[in-house]
Amino acid sequence: MPEETLPKTYDPVGTEARWQQAWERSGAFHPDPEAPGEPYSVVIPPPNVTGSLHMGHAFNTALIDTIVRFQRLQGKNVLCLPGTDHASIAVQTILEKQIKAEGGSREDLGRDAFLERAWAWKAESGGTIVGQLRRLGYSVDWQRERFTLDPGLNRAVVEAFVRLHEQGLIYRGEYLVNWCPASGSAVSDLEVEMKEVDGHLWHLRYPLADGAAGDGSDHLVVATTRPETLLGDTGVAVNPHDGRYAHLVGRMIALPLTGRRIPIVADAHVDPAFGTGCVKVTPAHDPNDFAIGQRHGLAQITVMAKDGTMNEQAGRFAGLDRFEARQAVVAAMEAEGLLVKTEPHRHSVPFSDRGKVPVEPLLSTQWFVKTEPLAARCRQALERGEPRFVPERWSKVYRDWLTDIRDWCISRQLWWGHRIPAWFVVSETGGEITNATPYVVATNAAEARAKAEARYGEAITGRPLQLEQDPDVLDTWFSSGLWPFSTLGWPGEGGAAGGSEAEPADLARWYPTSVLVTGFDIIFFWVARMTMMAGAFLQEAETPTGGRDSWIPFRDVYIHGLVRDENNRKMSKSAGNGIDPLLLIERYGADALRFALVREVAGAGQDIRLDYDRQSDTSATVEAARNFATKLWNATRFALMNLGGETPGSLGEPDRAHLQLADRWIQSRLARLNRDTAERFGSYALGEAAKGLYEFAWNEVCDWYLELIKRRLQDPAQQRTARAVLAKVLNDLLVMLHPLMPHLTEELWHGLTGEAAGTFLALQPWPELDQAALNESLEASFAELIEAIRVVRNLRAVAGLKPSQPAPVQFVTNRAALTQLLQEATADITALTRAECVEVLDSTAADAARTGQRALAGVCGELQVLLPIEGLVDLDALRGRLEKDLAKAAKEIKGLAGRLANPSFTGKAPPEVVAECRANLAEAESQAELARKRLADLG
RNA sequence: GGGCGAUUAGCUCAGAGGUAGAGCACUACCUUGACACGGUAGGAGUCACUGGUUCGAUUCCAGUAUCGCCCACCA
């Protein structure tokens, strides 16, 4: 045994850190755009700088890194670009909460101090996240790390805003938006989550204004879940075909509590079957009412302030919180005898994702992106199959969302984010920003001033020019939407004013990216926004000859599932059921965690469930992966102890003339694995790839091949061939496993090959496929041999032989090929079954030899296995085994014979299936016959 | 109200038109110089239900049920 050997178990923590540092220091993952090799690029979904990473990030990372490491082994020029997202509203919410806890407010702090604090937060949280990504062994280019709020990306955001505005795709206007009173900002439709809430349906009496109608009725009853909006009602609507109210359409209502006269209108939106069939219309506080109001020219009266309290339009209710006002209005109506009834009512209420409070539809002046033209381009691209979704079904989700899309409100009344590049000419409106204030959009203040000067300058208007930048910032997803090209250098040095000529090298080389890997939960938020943005800015680069073949920012979109907890619940911060990836990394190693996560992945993008014990912070799933790492470690350790200091390189190709059955078998299996694994990695079947490698390594290499060559490795006359095959198998296995378990394989590969520390497995080529080694019939024969050995072992176990006790083994078969196989493998069988001796006989020879002899006997296929020993064996157990064999054969015979007896089967089924069926029947019959005979012998 | 997924061994999940597999857990034996984070052998499933297509379905189709997710303006 060599002096130098590995410890018995693998300690991942130190090893992983060592390789992470080595990779990064060497610039192994810092690609040169000019380098040869087909470009392959991935921009990672930038985690929000809202704290630390959760298991979902670890999962996403494991998938992406597996893919890019595989592509690197394929010789591609791979860029994997990391970064983080400023997460405007999420971060601001966290900070405001902190500040509030300290007894202050952001207004007290002021914008500059607040932003300073936000940047400090970013530094800390971003640092934590980047540290965690490193600990996973992410093979990204840290030199190209980006942050959505860094100066380069800010240039891209400003450029994008300016260009969209020039194209008429950004506009400003007063519309009903989703207002989040908690964050004091507008939010987009996507940031609103509908929640089922137990509320009430209040039936309120609305008197007619000008006396009773012809039929004597003097009022209508409306049903509402939001009585407080009564104060802003400007109409009542009924269905035009509702006979009950037809005669009242056009009459006026005297709105209670306000004395306002409002009309009764007929609108098809009203469902006569719901409630009373009468709907109060509050255009300034409800999207449907807004639409009804538009159709009938109703006034819009806003009765609520931005903080969720009632405003001066609410009269005596002014100043009340909206929920207090609800109760107060109901009470007032009741006092006036106008509350008809109150019913419990379960309904959906829009909540703000971040603020966790109900959003308020509110009329507000905001910036919007006109989405339909952008969406149309994306839909057209999708018709051409771009991008390709994996699994395909998500393309439908994506397309449906791009159809009937609504405009995107992009302005946020926040501070942390990209400031909107619009300057108001406040000198035109008395120093105030109002809805009437003209504005200019420009890339910077100087340009804005120049533009404004030309239109509103003193020379023209006679007033001194006064500009003020819009205080609002952009929706985070506006900058995230540019991520696949802003990170690659778009729009280049030129910017809007300069008119960029040359594309940045990274953009030219790596755009469009190869694949986007992300969860389905952000298809709308992110994927669709990226394609829409790309459609606005990258189309001009599309050229029929040369250039890029598509403006769509990614060729493939691989959508994966969510990681769920041990109870199959979605992990979330609020539910407190997250599992800290670092805890598992510390315990089992990053490779084990990665392998466990990837191995769980099914082809269809299903959610995965991670097994976890919260008492002990252990996970059986990850532990199994760690055990696999240890198994690989020990297999390599065994190899190092037996290669006599040689390496795969020094041993070279094994001498074909000396290859034994086991060698040819493992080489065939290896070639098959190579082919299948490359195919699986290449088609995002990562879980299958992982399982295939696991089974090969454990069940074929460790369980059989290593056991089979142990004797030869000790024999100087035979060891060279066995060493060469072993070294090659292990080497290739480590390369193929590298995308999944990068650190362990890097470590073991260096041990095996003796390569210098500065040479990396990560940058090696994928093993060449040895097509000639593939041998299906040999694999089939070998499977028979394995089966024969299993039967011997089983017999020994059933008969209660001690593992250490040698026993003679006889095989009986009349098939020449099988006879030859068993004879060739006699030494192997001897070693693996503790055989005293191994004989292969035909049935006549066996009958002759067996006279009067009691033997342990079993059958497998057409092979009889005999252990002719006398003495203390458990005959009952043996009888049981044979009876089981017999029952199994009988059942098979019944099924097969039944099928063959059916003329439509023999007539219509493919001939080869019928033939196979006949062969199986024959085999089962002979097996049954053998079993019966042996049973009879036992007496 | 639409759409999508899931339903297979105790648990977590693969799978393929020809009568079921893995990991973990379980049982028995084994500290045999790679590995007890291990080895050998073993037990365990009418593949949710009902129809249909087919010579044959757990695998394809339709419907049902249960669970989960997404979208949607019924006040």
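The values are calculated or read from the model by the stated rules, or taken from the named source; none is laboratory data. Given the structure is predicted, the values throughout are model-derived calculations rather than measurements. Methodologically, a virtual Cβ is constructed for each residue, glycine included, from the backbone with ideal geometry; neighbour enumeration extends over all protein chains shown. Ligands, DNA and RNA are stripped out before the accessible areas are found, and what is left, the full protein with its side chains, is counted by its heavy atoms. Shrake-Rupley method; radii C 1.70, N 1.55, O 1.52, S 1.80 Å.
Taking region A:609-618, which residues are within 10 Å of RNA strand B (Cβ to nearest atom) and either open to solvent by less than 30 Å² (accessible area, probe 1.4 Å) or of a type in the set (A, V, I, L, M) (or both)?
Listed by number, the list holds a single entry, A:L610.
So, in region A:281-293, of the ones that are assigned to a loop (DSSP other than H, G, I, E, B) and not small (G, A, S), which residue ends up nearest to RNA strand B (Cβ to nearest atom)?
This residue is A:D286.
Can you pull out the strands (runs of 3 or more DSSP E) entirely within region A:143-214 that have at least 2 residues that are open to solvent by 60 Å² or more (accessible area, probe 1.4 Å), more than 30 Å from A:H247 (Cβ to Cβ) and among the polar types (S, T, N, Q)?
It comes to none.
Going by the conditions given, is A:T258 touching a Gly at 6+ places or on another chain (Cβ under 7 Å) and either under 24 Å from A:F323 (Cβ atoms) or surrounded by fewer than 24 Cβ atoms within 10 Å (Cβ to Cβ) (or both)?
So A:T258 fits the description; yes.
Hey, which of the helices (runs of 4 or more DSSP H) in region A:800-873, taking only ones fully inside, have at least 2 residues that are within 27 Å of A:A924 (Cα to Cα) and within 16 Å of RNA strand B (Cβ to nearest atom)?
Here the list reads A:826-833.
Checking the structure you have, find out if any residue of region A:302-311 is within 15 Å of RNA strand B (Cβ to nearest atom), among the hydroxyl-bearing types (S, T, Y) and under 51 Å from the mean Cα position of the chain (by Cα).
No, that holds for no residue.
Among the residues that make up region A:656-668, is at least one of them assigned to a helix (DSSP H, G or I), within 8 Å of RNA strand B (Cβ to nearest atom) and either aromatic (F, W, Y) or under 26 Å from A:I786 (Cα atoms) (or both)?
Among the residues of region A:656-668, not one is assigned to a helix (DSSP H, G or I), within 8 Å of RNA strand B (Cβ to nearest atom) and either aromatic (F, W, Y) or under 26 Å from A:I786 (Cα atoms) (or both), which makes the answer no.
When region A:54-99 is examined, which residues are found to be open to solvent by 10 Å² or more (accessible area, probe 1.4 Å) and assigned to a loop (DSSP other than H, G, I, E, B)?
Hits for region A:54-99 are A:H54, A:Q74, A:G75, A:K76.
For residues in region A:240-255 being part of a loop (DSSP other than H, G, I, E, B) and in contact with a strand residue (DSSP E or B) (Cβ under 7 Å, 6 or more places away or on another chain), which is farthest from A:E334 (Cα to Cα)?
Selected residue: A:P240.
Taking A:T15, is it within 16 Å of RNA strand B (Cβ to nearest atom) and either in contact with a Ser or Thr (Cβ under 9 Å, 6 or more places away or on another chain) or modelled with pLDDT under 95 (or both)?
The answer is no for A:T15.
Looking at A:K894, A:K888, A:K884 in this structure, which one is in a helix (DSSP H, G or I), open to solvent by 60 Å² or more (accessible area, probe 1.4 Å) and under 15 Å from A:L795 (Cβ atoms)?
A:K884
Considering every residue within region A:512-526, establish whether at least one is within 23 Å of A:D407 (Cα to Cα) and at pLDDT 95 or above.
Scanning region A:512-526, I find at least one residue that is within 23 Å of A:D407 (Cα to Cα) and at pLDDT 95 or above, so the answer is yes.
Just checking, does region A:904-917 include any residue being more than 10 Å from RNA strand B (Cβ to nearest atom) and in contact (Cβ under 8 Å) with a residue 12 or more places away in the chain?
No, region A:904-917 has no match at all.
Within the bounds of region A:428-440, is there any residue that is surrounded by fewer than 18 Cβ atoms within 10 Å (Cβ to Cβ), in contact with a Leu (Cβ under 8 Å, 6 or more places away or on another chain) and not small (G, A, S)?
Among the residues of region A:428-440, not one is surrounded by fewer than 18 Cβ atoms within 10 Å (Cβ to Cβ), in contact with a Leu (Cβ under 8 Å, 6 or more places away or on another chain) and not small (G, A, S), which makes the answer no.
Each row is one residue, and each column tells you yes or no for (1) under 24 Å from A:I789 (Cα atoms); (2) modelled with pLDDT of 85 or more.
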position	(1), (2)
A:T851	no, no
A:Q864	yes, yes
A:L886	yes, yes
A:A901	no, yes
A:V913	no, yes
A:D937	yes, no
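Name the single residue that is nearest to the chain's Cα centre (by Cα) among those in region A:502-526 being among the small types (G, A, S) and open to solvent by less than 30 Å² (accessible area, probe 1.4 Å).
Result: A:G519.
Among the strands (runs of 3 or more DSSP E) contained in region A:368-445, which hold 3 or more residues that are under 25 Å from A:R548 (Cα atoms)?
Where strands (runs of 3 or more DSSP E) fall fully within region A:368-445 and carry at least 3 residues being under 25 Å from A:R548 (Cα atoms), they are A:388-390.
Yes or no, residue by residue, for (1) part of a strand (DSSP E or B); (2) over 20 Å from A:W179 (Cα atoms); (3) open to solvent by 50 Å² or more (accessible area, probe 1.4 Å):
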| site | (1), (2), (3) |
| --- | --- |
| A:K341 | yes, yes, yes |
| A:F351 | yes, no, no |
| A:G355 | no, no, no |
| A:L363 | yes, no, no |
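Within region A:704-717, does at least one residue satisfy the condition of being away from RNA strand B (no atom under 16 Å from the Cβ) and under 30 Å from A:Q823 (Cα atoms)?
Checked region A:704-717: at least one residue is away from RNA strand B (no atom under 16 Å from the Cβ) and under 30 Å from A:Q823 (Cα atoms).
Name every residue in region A:265-280 that is more than 9 Å from RNA strand B (Cβ to nearest atom) and over 11 Å from A:D242 (Cβ atoms), in order of residue number.
Passing the criteria: only A:V265.
From (1) near RNA strand B (Cβ under 10 Å from one of its atoms); (2) hydrophobic (A, V, I, L, M, F, W, C); (3) more than 18 Å from A:L298 (Cβ to Cβ), pick out the condition that doesn't hold for A:A156.
(1)
Picking from A:A724, A:A762, which residue would you name as being under 25 Å from the mean Cα position of the chain (by Cα), part of a helix (DSSP H, G or I) and in contact (Cβ under 8 Å) with a residue 24 or more places away in the chain?
A:A762
Does A:L734 satisfy the criteria of being within 14 Å of A:A639 (Cβ to Cβ), open to solvent by less than 10 Å² (accessible area, probe 1.4 Å) and aliphatic (A, V, I, L, M)?
Criteria met by A:L734.
Residues in region A:212-227: is at least one of a type in the set (K, R), more than 14 Å from RNA strand B (Cβ to nearest atom) and more than 17 Å from A:I262 (Cα to Cα)?
no
The rows are residues; the columns are (1) touching a strand residue (DSSP E or B) at 6+ places or on another chain (Cβ under 7 Å); (2) open to solvent by less than 10 Å² (accessible area, probe 1.4 Å); (3) small (G, A, S).
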| site | (1), (2), (3) |
| --- | --- |
| A:R656 | no, no, no |
| A:Q660 | no, no, no |
| A:I666 | no, yes, no |
| A:Y684 | yes, no, no |
| A:F696 | no, yes, no |
| A:L706 | no, no, no |
| A:K710 | no, no, no |
| A:T721 | no, no, no |
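Residues A:W423, A:W408, A:W394: which one is buried (at least 16 other Cβ atoms within 10 Å of the Cβ), away from RNA strand B (no atom under 16 Å from the Cβ) and aromatic (F, W, Y)?
A:W423
For the list (1) more than 9 Å from RNA strand B (Cβ to nearest atom); (2) open to solvent by 50 Å² or more (accessible area, probe 1.4 Å); (3) of a type outside the set (D, E); (4) at pLDDT below 90, I need the number of the one condition that A:L769 fails.
Going through (1) more than 9 Å from RNA strand B (Cβ to nearest atom); (2) open to solvent by 50 Å² or more (accessible area, probe 1.4 Å); (3) of a type outside the set (D, E); (4) at pLDDT below 90 one by one, A:L769 breaks only (4).
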